[in-house]
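For reference, the structure is listed below as structure tokens.
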Amino acid sequence: MPNDQDKTELLCEQVLHACNNNKPLAIRAGNSKRFYGREVEGDALLVDGHLGILSYEASELVITARAGTRLSEIEAVLERNGQQLAFEPPMHSERSTLGGAIASGLSGPARAFNGAARDFVLGAKIINGKAELMQFGGQVMKNVAGYDVSRLMVGAQGTLGVLLEISLKVLPKPEAEMTLTYEADAITAHRWLRDWLHRGLPITASCHYQRRLSLRLGSTENSLRAAHKTMGGEIADSAMWPQLRDQTHTFFAQPNLWRLSLPPSAALENDEDSLIEWGGALRWKASNNNLFEKARRLNGHATRYQSNAAAAGTNPAQDIFQPLQPTVLAIHQRLKKAFDPLNILNPGRMYKEL
């Protein structure tokens, strides 16, 4: 069996071979997020065997693991120490990996309250498009200064480098959690939520769907009782939050699903067919219409999001992500050229021009 150094060298050799022969590579690990991006035509570069937790300092709230490590394994280790990946990365299957979570940049229900995946990345080791090993950042927050290249890998979909190792800051889990629900239209629910957040109540997730507002609270038992007394509402089962995180809720089975990331203050519609998270900043909607222009007018961006079974019949020629303005596209192209001058790594995964 090859050791870890051999596995890294083998990946470098595969990238170098692709460079020498000008052959594109399609980077794959758990393959649970294949739907999240354009199809890549190229030889498969498999990183799912590059796995394992390299170090975990519970007292320092830092974990370092190889990109092929399954999220379920990492979460199980953290759980034993009362800690968590606070950005709640979606697990679209049992094969979902840390590298896929970071490459996609997706975060779960807690994102608006704890921070995004990018906020927790301390360092990364990658192979760039010239088959060079590169390491950025470190394992402590004080190493993050200036332009942090490791965080540039978050959401890059492997177009800038093959992720090998990632160091992350983790957070303690709340002592206790409670889910409260309320009957309210979207506009009323948003007003209530904004008021409660301004008052510092311990809200860690929100969801509005079909005239029902659901809130997750996390703190001490005493704080939760006090918050419930202030906020009212019915105590409900907490099963919906893993369903929202992993997008196994029945809402996500719809075809033609769009993910809209908008300013929380953007105008809300009392649309019972939409699902709203992150205090209004994340809005999901099934629509046959192209929503890119609508998102742009609202100073946000839209993504076609055909997850799981709903991905059947997706047109591979369609744009997946919000089209870039020419100046922004030029910046992306310069970054791509700096890291991957021959356009070997996941070409066209995000945009056909990249």
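The values are calculated or read from the model by the stated rules, or taken from the named source; none is laboratory data. The structure presented is a predicted model; accordingly, all values stated were derived computationally and were not measured. Using ideal geometry, Cβ is built from the backbone for each residue, glycine included, and neighbour counts are taken over all protein chains shown.
Observations
- The combined condition, being farther than 20 Å from A116 by Cα and surrounded by fewer than 17 Cβ atoms within 10 Å (Cβ to Cβ), is not fulfilled by S72.
- Looking only at the stretch 311-354, and only at residues there that are β-branched (V, I, T) and part of a loop (DSSP other than H, G, I, E, B), the one that is modelled with the lowest pLDDT: T314
- Against the numbered list (1) farther than 30 Å from L71 by Cβ; (2) surrounded by 19 or more Cβ atoms within 10 Å (Cβ to Cβ); (3) touching an Asp or Glu at 6+ places or on another chain (Cβ under 7 Å); (4) not β-branched (V, I, T), A189 comes up short only at (3).
- Verdict on G279 being over 15 Å from E177 (Cβ atoms), among the small types (G, A, S) and part of a helix (DSSP H, G or I): yes
- Which numbered condition K285 fails, given (1) in a helix (DSSP H, G or I); (2) under 30 Å from R34 (Cα atoms); (3) basic (K, R); (4) over 18 Å from the mean Cα position of the chain (by Cα): (1)
Condition check ((1) surrounded by fewer than 16 Cβ atoms within 10 Å (Cβ to Cβ); (2) closer than 22 Å to P90 by Cα; (3) among the hydrophobic types (A, V, I, L, M, F, W, C)) across all residues:
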| residue | (1), (2), (3) |
| --- | --- |
| S206 | no, yes, no |
| R216 | no, yes, no |
| S219 | no, no, no |
| L224 | no, no, yes |
| A239 | yes, yes, yes |
| E272 | yes, no, no |
| W278 | no, yes, yes |
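- Qualifying positions in the stretch 127-145 - under 22 Å from the mean Cα position of the chain (by Cα) and either farther than 20 Å from C19 by Cα or modelled with pLDDT under 95 (or both): Q135, F136, G137, G138, Q139, V140, M141, V144
Table: residues versus (1) modelled with pLDDT of 95 or more; (2) closer than 29 Å to W241 by Cα; (3) buried (at least 22 other Cβ atoms within 10 Å of the Cβ); (4) not charged (D, E, K, R).
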| residue | (1), (2), (3), (4) |
| --- | --- |
| N81 | yes, yes, no, yes |
| E88 | yes, yes, yes, no |
| A117 | yes, yes, yes, yes |
| Y147 | no, no, no, yes |
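- Residues located in the stretch 165-186, provided they are surrounded by fewer than 16 Cβ atoms within 10 Å (Cβ to Cβ) and farther than 19 Å from D271 by Cβ: P172, K173, E175, A176
- If the condition is being under 27 Å from N288 (Cα atoms), touching a helix residue (DSSP H, G or I) at 6+ places or on another chain (Cβ under 6 Å) and polar (S, T, N, Q), then the stretch 203-253 contributes only S206.
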